[in-house]
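The next block holds one structure in the form of structure tokens; read it before the comments.
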Amino acid sequence: MLRVKLISIGDEILIGQIVNSNASVISSKLYSSGIPVEKVVTIGDAEEPLLKELGDSLNNFDITIITGGLGPTHDDLTKPVLVKFFNDELISDEKVLIHIKDFFAKRNVKMPDANFEQALVPRNSRIIWNANGTAPGIWIEKNDKVIIALPGVPHEMIVMMDNDVLKLLYDKFSGKINNNLKSKTILTTGIGESVLAEMIGDVGTFIGDCKLAFLPSPYGVRLRIDANGKSEKESYDKIYAIENKLKNKIGKYIYGENSDILEKIVGDLLKKKNLSLSVAESCTGGLISSRLTDKSGSSEYFKGGICTYSNYSKIYLLDVNILTIEKLGAVNEETAIEMALNVKAKFQSDIGISTTGIAGPTGGTPDKPVGLVWIGYSDNEKTFARKFLFGDNRNIVKIRASQMALEILRQKLI
């Protein structure tokens, strides 16, 4: 099996200023292509650590992918270090230079002198085209090992992986790639990891030589099934058998698979049924509306949303009965119901949903603790509100509330 290592470069990663999302994305793409990553290393913007890791790569790994350090500033050291390590030299690539000049010209921005250096590449390397930026990727082969350097900017790196890197790796290592290594992720929501595990029971009774991983997040628990059969068909057959077992045990909590997103699933259902939606949000602060409108074409079914965060706005913008607020407060079943009913009426939509709660960390009481959220739902046949406790972390409460509101909507639509 191929041995693969990732090297992420950047002081900003080491000090926690940014999350190393590039390693996650690359690992996922490689795994899906039958090239699992064995090791991930993060180093700072310094020459010696990279030289050390390159030495380790040539001695122990078939493929090494580096991200970061290809920019035009003084701390971008990847190219100079590669040249030093491989005893090479930098030369200017005319096509890359034309692309960089055109990149700035299209934006009507004068090209800084520093960007001329981005057209310099190691003489004994292959260029990986960067359609979304100015730093080309670099492919170097040595002793049948491959070293790849990509920009650290995620949207540049992702396109380069998809358009070129994966294909180049497959062409070079096709005889060594494990095409029978397959995986599938089952997406659940509305249930915690421990309760889910209890419902599933002893996985050893049905997974055989496969793997089942529990991956919790505020959006729900992902269940990843890994199979490695003697053929692609055998691997998929194993996965489908496990998936069917899971559906029989926890089917009501499963909303999708792999890269599915709940707001897209809901949007597609609304579009298919020719139904419209409006949203009234308090504790989620517009998060549901934001998630729904992330999908292009959402105007076909999403009529609008109102973020009625204060009691005043609930009363005067959403027509919640002032007596309801005075008697029961903002966080209760009746307020959630009125919010869902009234937003539906205001936007003349087929469905209205609402959230009202205490996201914290302050504002909780013994009767209404931090994390308490009421979610309202109203359509032309039924109106109700449900009570939830989502914990005491403000951001997680908002995410869980938005996810549950969308899941309630999905359940009604199916």
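The values are calculated or read from the model by the stated rules, or taken from the named source; none is laboratory data. Nothing here was measured: the structure is a model prediction, and the numbers come from that model. Heads up, the Cβs are rebuilt from the backbone with ideal geometry, glycines too, and the neighbour counts pull from every protein chain shown.
Among the residues of the stretch 201-254, how many are small (Gly, Ala, Ser), surrounded by fewer than 15 Cβ atoms within 10 Å (Cβ to Cβ) and touching a helix residue (DSSP H, G or I) at 6+ places or on another chain (Cβ under 8 Å)?
Residues in the stretch 201-254 being small (Gly, Ala, Ser), surrounded by fewer than 15 Cβ atoms within 10 Å (Cβ to Cβ) and touching a helix residue (DSSP H, G or I) at 6+ places or on another chain (Cβ under 8 Å): 2 in total.
When residues of the stretch 162-179 are filtered for being within 17 Å of Tyr31 (Cβ to Cβ) and not in a loop (DSSP other than H, G, I, E, B), how many remain?
Total satisfying the criteria: 7.
In the stretch 260-317, what count of residues is obtained for those that are touching a strand residue (DSSP E or B) at 6+ places or on another chain (Cβ under 7 Å) and closer than 15 Å to Ile351 by Cα?
17
Going through the stretch 268-292 one residue at a time, which ones are hydrophobic (A, V, I, L, M, F, W, C) and assigned to a strand (DSSP E or B)? Break it down into steps so the answer makes sense when it comes.
First, pick out the residues of the stretch 268-292 that are hydrophobic (A, V, I, L, M, F, W, C): 269-270, 275, 277, 279-280, 283, 287-288, 292.
Once the filter is applied, which keeps residues that are hydrophobic (A, V, I, L, M, F, W, C) and assigned to a strand (DSSP E or B), the stretch 268-292 yields Leu277, Val279, Ala280.
Give me the pairs: first residue in the stretch 349-366 and among the acidic types (Asp, Glu), second residue exposed (fewer than 14 other Cβ atoms within 10 Å of the Cβ), beta-carbon distance under 9 Å, and six or more apart or on different chains, which are they?
Filtered contacts from the stretch 349-366: Asp350/Lys273; Asp350/Asn274; Asp350/Asn380.
Just to be sure before I move on: is Ala359 in a loop (DSSP other than H, G, I, E, B) and under 30 Å from the mean Cα position of the chain (by Cα) in the structure I sent?
On the way: in a loop (DSSP other than H, G, I, E, B): yes; under 30 Å from the mean Cα position of the chain (by Cα): yes.
Answer is yes for this residue.
Within the stretch 241-257, is there a residue that is acidic (Asp, Glu) and either in a helix (DSSP H, G or I) or modelled with pLDDT under 95 (or both)?
The first filter runs over the stretch 241-257 and keeps only residues acidic (Asp, Glu), leaving 243, 257.
Right, trim to either in a helix (DSSP H, G or I) or modelled with pLDDT under 95 (or both) and you get 243.
Yes, that holds for at least one residue.
With respect to Ile239, is the statement that it is under 30 Å from Val203 (Cα atoms), touching a Lys or Arg at 6+ places or on another chain (Cβ under 6 Å) and not polar (S, T, N, Q) true? Lay out the reasoning, then the answer.
Details: under 30 Å from Val203 (Cα atoms): yes; touching a Lys or Arg at 6+ places or on another chain (Cβ under 6 Å): yes; not polar (S, T, N, Q): yes.
Judged against the criteria, Ile239 is a match.
Could you pull out the residue among Val109, Val153, Val146 that is farther than 30 Å from Ala227 by Cα and over 27 Å from the mean Cα position of the chain (by Cα)?
Result: Val109 is the single residue among Val109, Val153, Val146 that is farther than 30 Å from Ala227 by Cα and over 27 Å from the mean Cα position of the chain (by Cα).
Do we find a residue being in a strand (DSSP E or B), surrounded by 14 or more Cβ atoms within 10 Å (Cβ to Cβ) and either touching a residue at least 60 places away in the same chain (Cβ under 8 Å) or not assigned by TED's automatic domain parsing to the domain that holds Ile91 (or both) anywhere in the stretch 29-49?
So far as the stretch 29-49 goes, no, none of its residues is in a strand (DSSP E or B), surrounded by 14 or more Cβ atoms within 10 Å (Cβ to Cβ) and either touching a residue at least 60 places away in the same chain (Cβ under 8 Å) or not assigned by TED's automatic domain parsing to the domain that holds Ile91 (or both).
Just to be sure, is Lys346 of a type outside the set (A, V, I, L, M, F, W, C), at pLDDT 95 or above and crowded, with 19+ Cβ neighbours inside 10 Å? Working first, answer last.
Numbers: of a type outside the set (A, V, I, L, M, F, W, C): yes; at pLDDT 95 or above: yes; crowded, with 19+ Cβ neighbours inside 10 Å: no.
In short, no.
Within the stretch 393-411, can one find any residue that is free of Cβ contacts under 8 Å to residues at least 60 places away in the same chain and over 27 Å from the mean Cα position of the chain (by Cα)?
no
Can you tell which of Val121, Val165 is over 25 Å from the mean Cα position of the chain (by Cα), under 22 Å from Asn22 (Cβ atoms) and not aromatic (Phe, Trp, Tyr)?
Result: Val121 is the single residue among Val121, Val165 that is over 25 Å from the mean Cα position of the chain (by Cα), under 22 Å from Asn22 (Cβ atoms) and not aromatic (Phe, Trp, Tyr).
List every residue pair whose Cβ atoms lie under 6 Å apart, where the two residues are 6 or more positions apart in sequence or sit on different chains, the first residue falls within the stretch 187-209 and is under 18 Å from Ile254 (Cα atoms), and the second residue, located anywhere, is among the hydrophobic types (A, V, I, L, M, F, W, C).
Listed pairs, sorted by first residue: Thr188/Val221; Thr188/Ile254; Glu193/Phe214; Glu193/Val221; Leu196/Val221; Met199/Ile250; Val203/Leu212.
Please state which of the following conditions Lys295 fails to meet, knowing it meets all the rest: (1) under 25 Å from Gly220 (Cα atoms); (2) not polar (S, T, N, Q); (3) not assigned by TED's automatic domain parsing to the domain that holds Phe214; (4) not in a loop (DSSP other than H, G, I, E, B).
The one condition Lys295 does not meet is (4).
For the stretch 298-317, which positions are buried (at least 21 other Cβ atoms within 10 Å of the Cβ) and part of a loop (DSSP other than H, G, I, E, B)?
Tyr301, Thr308
Can you go through Glu198, Glu141 and tell me which one is at pLDDT 95 or above, out of contact with any helix residue (DSSP H, G or I) (no Cβ under 6 Å at 6 or more places or on another chain), acidic (Asp, Glu) and under 29 Å from Met1 (Cβ atoms)?
Glu141
So is Ile65 touching a helix residue (DSSP H, G or I) at 6+ places or on another chain (Cβ under 8 Å) and closer than 21 Å to Val19 by Cα or not?
Yes: the conditions hold for Ile65.
Pick out the one residue from Ser313, Ser289 that is over 22 Å from Ile399 (Cβ atoms) and not hydrophobic (A, V, I, L, M, F, W, C). Give the derivation first.
Details: Ser289 fails: over 22 Å from Ile399 (Cβ atoms).
The unique qualifying residue is Ser313.
So that you can scan it fast, the table gives a plain yes or no per residue for (1) of a type in the set (Gly, Ala, Ser); (2) outside any helix (DSSP H, G or I); (3) under 17 Å from Gly152 (Cβ atoms):
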residue: Met1; (1), (2), (3): no, yes, no
residue: Glu53; (1), (2), (3): no, no, yes
residue: Ser57; (1), (2), (3): yes, no, no
residue: Pro72; (1), (2), (3): no, yes, yes
residue: Lys95; (1), (2), (3): no, no, no
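Listed residues Thr134, Thr73, Thr64; which is out of contact with any Gly (no Cβ under 8 Å at 6 or more places or on another chain), more than 22 Å from Lys5 (Cα to Cα) and touching a residue at least 60 places away in the same chain (Cβ under 8 Å)?
After applying the criteria, what remains is Thr134.
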